[in-house]
Amino acid sequence: NSKVIQTPRYLVKGQGQKAKMRCIPEKGHPVVFWYQQNKNNEFKFLINFQNQEVLQQIDMTEKRFSAECPSNSPCSLEIQSSEAGDSALYLCASSPQISNERLFFGHGTKLSVL
Amino acid sequence: GQGVEQPAKLMSVEGTFARVNCTYSTSGFNGLSWYQQREGQAPVFLSYVVLDGLKDSGHFSTFLSRSNGYSYLLLTELQIKDSASYLCAVRDGGSFNKLTFGAGTRLAVCP
């Protein structure tokens, strides 16, 4: 069973609406990644954090998403204005250190934008 | 650029074996991982390789050839429950060890 907790499991939004999802990383894991997995199973890296700091993010994330990992609160990923193409499984993964060989994934939030 | 390629589907028979191939290109190779993902579930880590050669982990073995940008995951004594997607992911040491995933190979194990 995954120790990375993602909520909600399913999210349905209309185009133009905000869509927010949360992730509680495994205890003691300061490194967090967000990936988008589309219907063709393709993974797209979105952003990663070490503690509260953003390490890297793609252009799309910078412009249309807001993400944070505050101390003592769940990490979050929010799409400011949802588009149909955002429909996907959003996977959060955590790791004890940036150089660790293994990521621990949550079950994901499946977003459907109608 | 960086890319990871895997065949989309693979079929094999219970009790035999299956080899899932992965080819990649990267500017700062720092290891390759394999994950198993069942439908609607979280990807689960299987193996990590960074040196050339075969790494035997029992039911799963992994092979890496860095000069050819190639790896495979070998599953032996297949069981029906091995039916799942198998994801190859390459780490880029020059990019905060970001993992670039392939789209996965969906393995179907038939009786």
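The values are calculated or read from the model by the stated rules, or taken from the named source; none is laboratory data. Just so it is clear, the structure is predicted and the values come from calculations on it, not from any experiment. Neighbour counts run over all protein chains shown; Cβ positions are idealised from the backbone, glycine included. Just the protein is used for accessible areas: all its heavy atoms, side chains included, with ligands, DNA and RNA removed. Shrake-Rupley method; radii C 1.70, N 1.55, O 1.52, S 1.80 Å.
For segment B:20-81, what does the convex hull of the Cα positions come to per residue, in cubic angstrom? Present the calculation step by step, with values, prior to reporting the outcome.
Working: hull volume 6.1 nm³, N = 62.
Value for segment B:20-81: 98 Å³ per residue.
If you place +1 on the Cβ of every Lys and Arg, -1 on the Cβ of every Asp and Glu, and leave all else neutral, what size is the dipole of chain B about its Cα centre, to the nearest 20 Debye?
Working: 9 positive and 8 negative charges, 37 e Å.
The calculated dipole for chain B is roughly 180 debye.
Which three extents, in angstrom, do the Cα atoms of chain B have along their principal axes, listed largest first?
44, 30, 19
Show me you know the interface measure: the accessible area buried between B and A, both chains summed, probe 1.4 Å, in Å² to the nearest 100.
On the way: alone 6090 and 6660 Å², together 10930 Å².
Between B and A, the summed buried area is about 1800 Å².
Can I get the semi-axes of the protein assembly as shown's equivalent ellipsoid? Compute them from the C-alpha gyration tensor as square roots of 5 times the eigenvalues, in angstrom, largest first.
On the way: eigenvalues 175, 80, 50 Å².
Whole-Å semi-axes of the equivalent ellipsoid: 30, 20, 16.
Round to a whole angstrom and tell me the spacing of the C-alpha centers of segment A:37-80 and segment B:19-54.
22 Å
Could you work out the mean count of beta carbons from other protein chains within 10 Å of each residue's beta carbon in A:2-12? List each step's numbers first, then the result.
On the way: counts 4, 1, 1, 0, 1, 0, 0, 1, 0, 0, 0.
Taking the mean over all residues of the peptide, I get 1.
Could you give the length gained by full extension between A:Gln17 and A:Glu83, i.e. 0.36 nm per residue of separation minus their alpha carbon distance, to one decimal place?
Numbers: separation 66, 0.36 × 66 = 23.76 nm, distance 0.84 nm.
Roughly 22.9 nm would be gained on extension.
Order A:3-10, B:51-58 from most to least packed using the mean count of other Cβ atoms within 10 Å.
On the way: A:3-10: 15.1, B:51-58: 10.4.
Order by mean packing, descending: A:3-10, B:51-58.
With only Lys, Arg, Asp and Glu charged, each at its Cβ (+1 for the first two, -1 for the last two), find how big the charge dipole of the protein assembly as shown is about the Cα centre; round to the nearest 20 debye. Don't skip to the end; give the middle numbers.
Numbers: 22 positive and 18 negative charges, 94 e Å.
My answer is approximately 460 debye.
Listed highest first by mean packing, meaning other Cβ atoms within 10 Å per residue, what order do A:103-111, A:46-54 come in?
Most protected by this proxy first, the peptides run A:103-111, A:46-54.
Cross-link partners among lysines for A:Lys18, C-alpha distance below 18 Å, same-chain residues fewer than 8 apart left out?
A:Lys63, A:Lys110
Considering every residue in B:31-39, what mean count of other chain Cβ atoms within 10 Å of its Cβ is obtained?
Details: counts 2, 1, 3, 0, 4, 0, 5, 0, 0.
Whole-number average of other-chain Cβ neighbours for B:31-39 is 2.
Would you grab the residues whose amide H sits under 5 Å from the one on A:Val12? Only those 5+ places off in sequence or on another chain, please, with H modelled 1.01 Å from N.
So A:Val12 has HN proximity to A:Ser112.
For chain A, just the Cα set please: Rg and Dmax, both in angstrom.
Both quantities, over Cα of chain A: 13.1, 39 Å.
To the nearest 500 deg cm²/dmol, what mean residue ellipticity at 222 nm is calculated for chain A from DSSP H runs of n ≥ 4 alone, each contributing -39,500 (n - 2.57), summed and divided by the residues? Mind dumping the intermediate values first?
Values: 1 runs with 6 residues, N = 114.
So the helix-based figure for chain A works out to -1000 deg cm²/dmol.
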